[in-house]
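I have placed the structure first, in the form of structure tokens, so that the comments after it can refer back to it.
The values are calculated or read from the model by the stated rules, or taken from the named source; none is laboratory data. In this text, all values refer to a predicted model and were calculated from it rather than measured experimentally. Ideal geometry is used to build each Cβ from the backbone, glycine not excepted, and the neighbour counts take in all protein chains shown. When the accessible area is computed, the model is the full protein with side chains, heavy atoms only, and any ligands, DNA or RNA have been set aside. Shrake-Rupley method; radii C 1.70, N 1.55, O 1.52, S 1.80 Å.
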Amino acid sequence: MAGDLYDPSFVESLHREYGVINPWLDAVQEMPVGKAQTSESLIEPDLLRQTRFYNEWIRPQEDIGTGAGITIARDRQRLLRLSCNIRFRDQEKIQADLADLLDLLAPHLARCFAVSRHLRGHRLGAGATLDVLPASIFLVDDKGHVLYANKAGESLRRENRLLSYDGAGRLVVNDPEADDALRRRLHAITGQDHTASTGPILLRDRDSNRMVPMTVAPLTSRTDALAGMLGWPDGDPPVAIVCLDWSGVVDREALFRAHGLTPAEGDLASALQQGATLKSHAVQRGVSYHTMRKHLSAAFRKTGTTQQSQLVALLSNGRNHDPTIAAQRRPAEN
């Protein structure tokens with residue numbers, strides 16, 4: 001077990017004494033891999049409050065007795081799980097979004113675990129490690145200059161497929177809107193506004209007509225160590241990692257057809273996935289905010305979702321992308 005943002009003394013006591021009486025653990029063993037669960041699905045709150053673990057370990061930490069967790073991997077020897085505790089008073093405000101976030105993270109964390117197991121026992125430098133990954137990876141500075149690209153990234157760049165470098169060595173996305181989104185993310189990361197750098201940017205792959213998610217994430221620690229391994233100039237460290245993950249590519253058009261979305265509804269779903277708001281998308285498309293809300297309600301009804309985060313998750317990784325299920329969810333059209 002490992003914990004972050006907990007008082008060190010509580011982490012120590014968890015390892016020393018309280019971990020073995022954690023009432024959530026028995027239920028965790030039976031939970032499916034890759035699907036988030038709320039704390040209440042593991043043990044009812046009333047039963048939890050009767051335990052020694054709650055009264056001596058949970059309650060003193062601002063009553064962090066609820067939250068959500070997800071099993072990343074499980075085999076005969078080990079179980080890898082990410083769990084997040086939140087206060088009971090914050091449950092209604094945070095828990096649903098937390099579970100959705102864990103569902104979005106699950107496939108990426110599972111791939112990281114798989115790569116880690118594959119590389120176990122191999123002494124590889126950072127460059128060699130990145131080169132074995134199927135994802136196209138670029139390390140860039142605050143202006144978008146590419147300081148490092150793995151083999152998959154270089155191959156993608158040479159093909160001028162989805163992206164390229166300009167004359168100054170900056171990463172340029174072929175789709176102008178996506179390229180503008182990349183610039184905004186880098187600007188936000190440089191300004192330490194990391195909340196603006198979440199969520200993938202969708203790029204259309206002309207070869208397969210599918211949408212490839214491009215993630216832009218800040219590099220906030222250990223860049224000096226990376227510099228030594230990858231060899232970029234002193235004083236010019238990367239600020240972000242740009243990753244195109246091909247393993248989770250979703251055929252967006254097929255997804256829209258499966259759920260019966262109209263072009264306008266699909267266009268809205270794609271815009272939300274790239275960080276737009278209803279208001280900004282309405283202005284961009286020259287329609288009223290009321291019309292955009294109608295499109296969103298229709299998309300919710302057809303996909304069986306109730307929140308924008310759920311709709312974005314569906315578009316990002318194709319969860320529940322089963323034409324039969326989609327058809328069953330859609331009400332009959334009059």
Per-residue HN-Hα couplings for segment 33-48 [Karplus 6.51, -1.76, 1.60; θ = phi - 60°; Hz; x = Gly/Pro]: 6, x, 10, 6, 10, 7, 4, 5, 6, 8, 7, 5, x, 5, 5, 4
Amide H partners (placed H, <5 Å) of Arg204, local residues excluded: Val212
Whole-Hz couplings from phi, Karplus 6.51/-1.76/1.60, listed for segment 88-105; x for Gly and Pro: 4, 6, 9, 4, 5, 7, 10, 4, 4, 5, 5, 4, 4, 5, 5, 4, 5, 6
Accessible area, probe 1.4 Å, largest first, for residues Ile21, Ile86: Ile21, Ile86
Neighbour net charge for Tyr18 - beta-carbon separation under 14 angstrom, K R +1, D E -1: -1
Alpha-carbon spread of segment 1-113, three principal axes, descending order, Å: 36, 33, 25
Vicinal HN-Hα couplings computed from phi for segment 17-31 (Karplus, 6.51 cos²θ - 1.76 cosθ + 1.60; Hz; Gly/Pro x): 9, 7, x, 6, 10, 5, x, 7, 5, 4, 5, 4, 4, 9, 6
Amide H within-cut-off set for Ala240, under 5 Å, with H built and near neighbours excluded: Val140, Leu219
Distance histogram for segment 1-44 (every C-alpha pair counted, 10 angstrom bins, percent rounded to whole numbers): 24, 44, 32, 1
Other-chain or far-sequence residues with amide H under 5 Å of Leu163's (modelled H): Asn174
Partner lysines for Lys279 [C-alpha distance under 21 Å; skip if fewer than 8 residues away on the same chain]: Lys294
